[in-house]
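Have a look at the structure below, then the notes.
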Amino acid sequence: MQSSLTIRRPDDWHLHLRDGAMLAAVLPESARHFTRAIIMPNLVPPVVTGVQARAYRDRIMAALPEGMDFTPLMTLYLTEETDPDDVAAAHAEGLITAVKLYPAGATTNSASGVRDFDRVRGVLEKMAEVGLPLCVHGEVTNPEVDIFDREAAFIDRVLDPIRRATPGLRVVMEHVTTSDAVAYVTSQDRDLAATITTHHLVINRNHILVGGIKPHYYCLPVAKREDHRLALRAAATSGDARFFLGTDSAPHTDPLKESACGCAGCFTATNTLSILAHVFEEEGALDRLEGFTSLNGPAFYGLPPNEARITLTKGDPVPYPDKIDTGDGPVTVFDPGFPLHWRVD
């Protein structure tokens, strides 16, 4: 039985850091294990211009504890008023790594997102021209579409038409949750990849609903049936370079999660690597963990893999805190429901 694994230091290609006191508390949880992360722009107000992205990056770096090596890769929040020239200038300056598309109303702080996709066509064409990737929250928000079908509907109604109309646009389908998304990614020859979260490899919709509502398993896109979870595990552990880690670690304080209308998001930054090692070991794919966490993402984004290494060691159960204290209140750490034996040394 393998008991030790050394891999290149990983990156997180989808991360929520929030701002202010929350940022200061959760940033070290990611910086402890990850060298780089794609930072989500859905603050209030959202990060929509290059000037705002620079200011947010400066706040992140100011909150980074001394001695930690971490690079935030900034994104802009796509709106129907986004200026293509501002996007291109921020990209040329090296200030942003991607632009994020939220369909309006799809998830937390997405009210400023896109309703009329024709109104962002100019931005998407400019992005294709300069080689800037589009990160997509892939769900339709039509009320007549069941919440468990919204990802599949988005592929057919929105994503595929956008890609056909914008040749050369590089797209990351973020936090995919269905076998439909896996099949779509693997059917395409180029310019398309997908991130998979830690928690979607572990939970299905029963974990949220059976035996009472479990608010700390509620996320968007919501976890689906077991056959979809198994499809995600197969994709993540396959070695296919089109799939890579994006934790979508999303902190909310307990009062906001455990309320009559609880916020969506799972906070996984603290124990993600231990959980992933467990999953990959179960699938007989520990030799492919480095690709998923450390190689495939940089390759898609045109960045070099990290030179630094980390070692995971298997042994006695690893104690992780149940909660992280923040200046805004406690944040519950994702509980995978099984003991974690892989420790990051």
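Annotations
- Calculated accessible area for segment 1-104 comes out at 36 Å² per residue, all protein chains present (probe 1.4 Å; ligands, DNA, RNA ignored).
- Residue-averaged 222 nm ellipticity for the chain, from DSSP H runs of 4+ at -39500 (n - 2.57), nearest 500: -8000 deg cm²/dmol
- Segments 251-257, 262-268, 279-285, 139-145 sorted - mean Cβ within 10 Å per residue, highest first: 262-268, 251-257, 279-285, 139-145
- Protein heavy-atom surface of segment 46-199, 1.4 angstrom probe: 46% of the accessible area is carbon and sulfur, with nucleic acids and ligands not counted.
- Length gained on full extension, Glu66 to Thr313: 86.3 nm, using 0.36 nm per residue less the C-alpha separation.
- Proximity of backbone amide H atoms, modeled 1.01 Å from N, is registered between Ala37 and Asp12, Thr71, Leu73 at under 5 Å, excluding neighbours fewer than 5 places apart on the same chain.
- 0 to 90° range, to nearest 10: angle between helix 272-282 axis and the chain longest Cα axis: 70
- Distances between placed amide hydrogens fall under 5 Å for Cys263 paired with Lys257, all partners being 5 or more residues away or on another chain.
- Debye, to nearest 20: dipole size of the chain, +1 on Lys, Arg Cβ, -1 on Asp, Glu Cβ: 240
- In this structure segment 278-345 gives 50 Å² per residue of accessible area when probed at 1.4 Å with all protein chains present.
- Three principal axis extents describe the C-alpha atoms of segment 77-212; from largest down they are 51, 32, 27 Å.
- Expressed as a whole percent, the proportion of Cα-Cα pairs in the chain lying more than 38 Å apart is 9%.
- Surface share of carbon and sulfur [accessible, 1.4 angstrom probe, percent] for segment 238-307: 53
- Working from label points 7 Å from Cα in the Cα-to-Cβ sense, the Ala234 to Ser187 distance is 1.5 nm.
- Taking a straight Cα-Cα cut-off under 12 Å and skipping sequence neighbours fewer than 8 places away in the same chain, the aspartates and glutamates within cross-link reach of Lys314 are Glu281, Asp345.
- Between segment 267-345 and segment 48-86, the Cα center-to-center distance that results, in Å: 25
- Shown in residue order for segment 161-172 are the 3J(HN,Hα) couplings computed by the Karplus curve 6.51 cos²θ - 1.76 cosθ + 1.60 at θ = phi - 60°: x, 4, 5, 5, 7, 10, x, x, 6, 8, 10, 10 Hz (x for Gly and Pro).
- Scalar couplings 3J(HN,Hα) for segment 86-96, obtained by applying the Karplus form with A = 6.51, B = -1.76, C = 1.60 to θ = phi - 60°, are 5, 4, 5, 5, 5, 5, 4, 6, x, 7, 10 Hz; x denotes Gly and Pro.
- Helix 226-236 vs. the chain, principal-axis angle (Cα, 0 to 90°, nearest 10): 90
- Remark: segment 51-151 carries a charge dipole of roughly 240 debye about the Cα centre, counting +1 on each Lys and Arg Cβ and -1 on each Asp and Glu Cβ.
The values are calculated or read from the model by the stated rules, or taken from the named source; none is laboratory data. Everything numeric here is computed off the predicted structure, so don't read it as measured data. Positions of Cβ are generated from backbone atoms using ideal geometry, with glycine treated the same way; all protein chains shown enter the neighbour counts. SASA here: full protein model, heavy atoms, side chains in, ligands and nucleic acids out. Shrake-Rupley method; radii C 1.70, N 1.55, O 1.52, S 1.80 Å.
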